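Written out below as structure tokens is the structure these notes cover.
The values are calculated or read from the model by the stated rules, or taken from the named source; none is laboratory data. Not measured: the values here are computed from a predicted model. Note: ideal-geometry Cβ built from the backbone for every residue, glycine included; neighbour counts use all protein chains shown. For accessibility, only protein heavy atoms count, side chains too; no ligands or nucleic acids. Shrake-Rupley method; radii C 1.70, N 1.55, O 1.52, S 1.80 Å.
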Amino acid sequence: MNTVMSRPKFLSFRIYEKYKKIVVVFILIVLLFVFGATTLPNFLSVEQVFMTIKLASFTALFALCQMIVIAGGGSGLDLSVGYTATITAVLTASIMDGKNEPLLLAVLIALALGVMIGLANGVLTSYLKLPPLVVTLAIADILQGIVNAYVAGKAITGRPSPILVTIAAKFTGKFPNILFVLILVTSITMIILNKTKWGQILFGVGANERTAYLSGINVKKVRCIAFTVSGVLSSLMGLLLLGNMGIAFKDMGSNYVLPSIAAVVIGGVSLAGGEGNYLGVILGAIFLQTLTNLLIAFGLGDAGKWLGFGIILFAMLSAYASNRRSR
Amino acid sequence: MNEVSKTGNVFYTFKGLLLKPEVSSFLIFIIMFVITATLQESFFTVKSIVRNINAFTPLILLAMGQAVVIVAGGLDLSSGAALSLFTCVLTTVMKRNDPVTGIYAILVTFAVAILVGMVNGVGIGYLRIPPVIVTFATSYMWLGIALFLRPTPGGESVDWFRAFYKIDAVAGAPAVLKTIGTFIPPALVLLIIGCLLWFIISKTRTGRYIYAVGSNIESAYVSGIDTARTQMLACIINSVFIFLAALFFVGQNQSGDARMGGPLTLKSIAAVVVGGISLTGGRGSVYFALLGALTLSFVNKIIFFANIPNAYQTLVSGIIIIVAIAGPAYVMFSKPKQ
């Protein structure tokens, strides 16, 4: 499917393409807010907006893992992100047990878990050339299986460290603390992807595997590293989720998997790989969260929420697709 | 000297044979079949065969439909949600005391099935959105509509609908049909209908177009094949397979459930992969999806018989999928250098 004939793109045209989608998403978010503000009381209050952004931050951070893998190309997709977070949260909750001292140990465990899971995904997909969709799905099954087995017959004990709670759940004034994390992560991501050779290599591999290989880049290694980074980040996300929710439970992360992909798509990143603008992805996450809030606020319940979610996603995909068609 | 190269050659061909996805998936199937047959003492009795067919049919039908889409270069993440939607439509149209409504329900649901296939097909074929993401979006649409129709599991079903599950259970059924039903379960009939459907399609031009589009969409397009239409047809065929599975489900449970099909989506994809069909499209036989689904179902049975606690089942099935798809790849990479 990703054999769409490439055509020469001029730099100015690419910049225009790059920012056009971000502007579109931004306008859509504004429209949603305007619509919400005119029909619902309190929709545009500062608290409500920051609450939306706070909830969207978690999706956005998961979407970063997703974007890195997708940008590496080769139909890369990481369906195990949420499950990685769950297993980290479940395993570290009892270690932290509401105290700050074991936080370092918890972080180390999270890093180790993340590297292991990410490497497993990376080796299986890039070195054994197995389809990422199936591999990450099976890994997700295995992780959920471990969690189920660990949870079976006993309650998950333990609470997150107060530091984690402060970072993930608390507000500074009206400003959610998780937003500082998101801003920090965004800056680092933008610098690495746009200003260092690492970003160039990742996008190069995603855009054209063959060219990258002929230029002396170890394509397999790059994709393997992309999966490992995704594993580590999503494992750390497990700690933040635990901090936000206060307790660990066995389905805590799995709800973020599909929204993370949706945010990447709405953010205007091609699933074919080779590109990725994290700002767009963040806007995509905010758009999804605002839409969810609106649909819930209208009392449409689950049915309306999912139907609206699906229709909007389908419409946006169609809109994006229409300017990608070459025939 | 001559002998050495000869044995090397034999070794290479053996590995080459194992390398063929069809052969390795068939071997895995045989192994799972033998293990299940040894573990279950009553495996070869009519009763247990019928029960197994009943248990495996939905996944087999979904996997075969999925295989058609995958061979055409697509992927359907919405098949489970579509299955749930069809059961909800069936049970909404049917009224318990009015046998005619069963026929209406079948017609309406069939129309819905065609529509569902067309929407997926428009996304994959005409708009050329990546299949993973467009069917992900439509899966939410199906889920939403299904929840509108049936917020909680339930609904009505006419009595004769049980014939899709067990002819015995229908009060007014002729005795001849009942006797046949004990040996040939309706589920098997549905499976045969599915296989026949694909058999007929694979003999037509559309069948060949599906493979052509899946293996190289650009050259298929340049050769004058309407690629978008072909992919849409593949999606519609998939929908018909899901429709057959929905008939069986409602026959079995007499109710609709908006969330019932969800877990089956990923299983159906896994079954296709275990059946040796390439996810990149264009390669593999749709019938092998049946084999893949059977392998996965046997694995579940083995897990059951091995007395592995419920909690470990997801874990074990995940590991087995990895082993099943990584095994052939490992053989490929350990092959002697020429």
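Below is a table of values for the structure above.
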| item | result |
| --- | --- |
| Test: residue in the range A:279-286 that is within 15 Å of A:I70 (Cβ to Cβ), touching a Lys or Arg at 6+ places or on another chain (Cβ under 8 Å) and away from chain B (no Cβ under 13 Å) | yes |
| Test for A:A138: is it touching a helix residue (DSSP H, G or I) at 6+ places or on another chain (Cβ under 9 Å) and under 21 Å from A:V232 (Cα atoms) | yes |
| The listed residue being touching a residue at least 40 places away in the same chain (Cβ under 8 Å) and more than 11 Å from chain B (Cβ to nearest Cβ), out of A:T92, A:T136 | A:T92 |
| Per-region count, the range B:82-104, residues in contact (Cβ under 8 Å) with a residue 24 or more places away in the chain and either of a type in the set (K, R) or in a helix (DSSP H, G or I) (or both) | 15 |
| Meets criteria (hydroxyl-bearing (S, T, Y), at pLDDT 80 or above, crowded, with 16+ Cβ neighbours inside 10 Å and part of a helix (DSSP H, G or I)) for B:T57 | yes |
| Matching entry among B:V213, B:V250 (being surrounded by 24 or more Cβ atoms within 10 Å (Cβ to Cβ) and more than 27 Å from B:L149 (Cβ to Cβ)) | B:V213 |
| Conditions (1) farther than 30 Å from B:R150 by Cβ; (2) open to solvent by 30 Å² or more (accessible area, probe 1.4 Å); (3) within 11 Å of another protein chain (Cβ to nearest Cβ); number of the one not met by A:I311 | (1) |
| Extreme residue, surrounded by the most Cβ atoms within 10 Å (Cβ to Cβ), among residues of the range B:18-54 that are among the small types (G, A, S) and in a helix (DSSP H, G or I) | B:S25 |
| Residue check for B:T182: part of a helix (DSSP H, G or I), touching a residue at least 60 places away in the same chain (Cβ under 8 Å), of a type in the set (S, T, N, Q) and surrounded by fewer than 18 Cβ atoms within 10 Å (Cβ to Cβ) | yes |
| Residue in the range B:148-155 that is outside any loop (DSSP other than H, G, I, E, B), touching a strand residue (DSSP E or B) at 6+ places or on another chain (Cβ under 8 Å), within 14 Å of another protein chain (Cβ to nearest Cβ) and among the aliphatic types (A, V, I, L, M) present | yes |
| In the range A:159-179, the residues that are surrounded by fewer than 21 Cβ atoms within 10 Å (Cβ to Cβ) and of a type outside the set (D, E, K, R) | A:P162, A:I163, A:V165, A:T166, A:I167, A:A169, A:F171, A:T172, A:G173, A:F175, A:N177, A:L179 |
| Residue among A:L111, A:L182, A:L105 that alone is touching a helix residue (DSSP H, G or I) at 6+ places or on another chain (Cβ under 9 Å) and either among the charged types (D, E, K, R) or open to solvent by less than 30 Å² (accessible area, probe 1.4 Å) (or both) | A:L182 |
| Qualifying residue in the range A:51-66 (condition: open to solvent by less than 10 Å² (accessible area, probe 1.4 Å) and within 14 Å of chain B (Cβ to nearest Cβ)) | yes |
| Qualifying positions in the range A:156-184 - over 22 Å from A:V46 (Cα atoms) and among the polar types (S, T, N, Q) | A:T157, A:S161 |
| Tabulated pairs, the range B:112-128, first of a type in the set (D, E, K, R), second in a helix (DSSP H, G or I), C-beta under 8 angstrom, 6+ apart or interchain | B:R128/A:A321; B:R128/B:A228 |
| Answer from A:L119, A:L202, A:L182, A:L164 - the residue that is in contact (Cβ under 8 Å) with a residue 60 or more places away in the chain and touching a Phe, Trp or Tyr at 6+ places or on another chain (Cβ under 8 Å) | A:L119 |
| Failed item, numbered, when A:V81 is tested on (1) of a type in the set (V, I, T); (2) touching a residue at least 24 places away in the same chain (Cβ under 8 Å); (3) farther than 30 Å from A:F298 by Cβ; (4) open to solvent by less than 10 Å² (accessible area, probe 1.4 Å) | (3) |
| Of all residues making up the range B:203-251, the number that are within 16 Å of B:Q66 (Cβ to Cβ) and either small (G, A, S) or not in a helix (DSSP H, G or I) (or both) | 5 |
| Qualifying positions in the range B:122-172 - among the charged types (D, E, K, R) and open to solvent by less than 50 Å² (accessible area, probe 1.4 Å) | B:R128, B:R150 |
| Residue in the range B:286-316 that is nearest to the other protein chains (Cβ to nearest Cβ), counting only those that are in a loop (DSSP other than H, G, I, E, B) and open to solvent by 30 Å² or more (accessible area, probe 1.4 Å) | B:P309 |
| Counted residues, the range A:289-304 - those being in a helix (DSSP H, G or I) and farther than 15 Å from A:T52 by Cβ | 4 |
| Where a residue in the range A:142-158 is facing chain B (nearest Cβ under 8 Å) and closer than 24 Å to A:G98 by Cβ and its partner, wherever it lies, is basic (K, R) and open to solvent by 30 Å² or more (accessible area, probe 1.4 Å), with Cβ under 9 Å and at least six apart | A:V151/A:K250 |
| So A:G98, is it part of a loop (DSSP other than H, G, I, E, B) and within 13 Å of chain B (Cβ to nearest Cβ) | no |
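Yes/no per residue for (1) out of contact with any strand residue (DSSP E or B) (no Cβ under 8 Å at 6 or more places or on another chain); (2) within 14 Å of chain A (Cβ to nearest Cβ); (3) within 17 Å of B:W198 (Cα to Cα):
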| position | (1), (2), (3) |
| --- | --- |
| B:I60 | yes, no, yes |
| B:A63 | yes, yes, yes |
| B:V71 | yes, yes, yes |
| B:L75 | yes, yes, no |
| B:A81 | yes, yes, no |
| B:C88 | no, yes, no |
| B:K95 | yes, no, no |
| B:V100 | yes, no, no |
| B:I106 | yes, no, no |
